[in-house]
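Notes follow the structure.
Rule-based calculations on the coordinates, nothing more; no lab input. Note that the structure is a prediction, hence the values are computed from the model and not measured. Because the Cβ atoms are built from the backbone with ideal geometry, glycine has one as well, and the counts that use them run over all protein chains shown.
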Amino acid sequence: MMFAAGIGIGLLFFGVLEPVYYNFSESGAGRPLGINIADKEYIGIVGTIHHWGLEGWAVYAAVGLSLGIFSYHYGFPLTLRSAFVPLLGERVRGARGHPIDTAAVFATLFGLTTSLGLGAGQVAAGLNEIFGITPTPAVTVWLIIGITAIALGSSTSGDGCWG
């Protein structure tokens, strides 16, 4: 769910925003080494591929591989503290491992709220375009509450699409 939230809103929001921003920005923002304005289409595509290509997916791969190796191969719990076994050794099993897991939970929380906020803003703009509903902060808050309720109901119901 977290992976889908992070990548989903990233691709939907920034996958469209970045090439358009680089293409229409006259300030030269995001143009490395002073590349000419004539090359702005090239920079728009290269910048987007850089952010959403191999480099963007490598972060997920690094975390997934470290969790997989230390959890399934070495028998450690499926928590982020298990990835720190080479650095801290067996000390990750005790109280010294709690700050690692706490930091992981907060990083996940902040990442999810960013995705939820960007997604709610995008849905509010879509509602304005289709139904004429003005995207006020109250509409955005109600969208966040509704999306959260749907996700919470889906997560706690126990009924999946498999059965």
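Residue-wise HN-Hα couplings along region 118-135, as the Karplus relation 6.51 cos²θ - 1.76 cosθ + 1.60 with θ = phi - 60° gives them from phi, are 5, x, 5, x, 5, 5, 4, 5, x, 5, 5, 5, 8, 10, x, 7, 5, x Hz; Gly and Pro carry x. Extension gain for the segment residue 101 to residue 17, taken as residue separation times 0.36 nm less the Cα-Cα distance, is 26.9 nm to one decimal. Annotation: extensible slack from residue 142 through residue 4 equals 47.5 nm (criterion: 0.36 nm per residue apart, minus Cα-Cα distance). Put a dot 7 Å past the Cα of residue 150, heading toward its Cβ, do the same for residue 72, and the two dots end up 3.2 nm apart.
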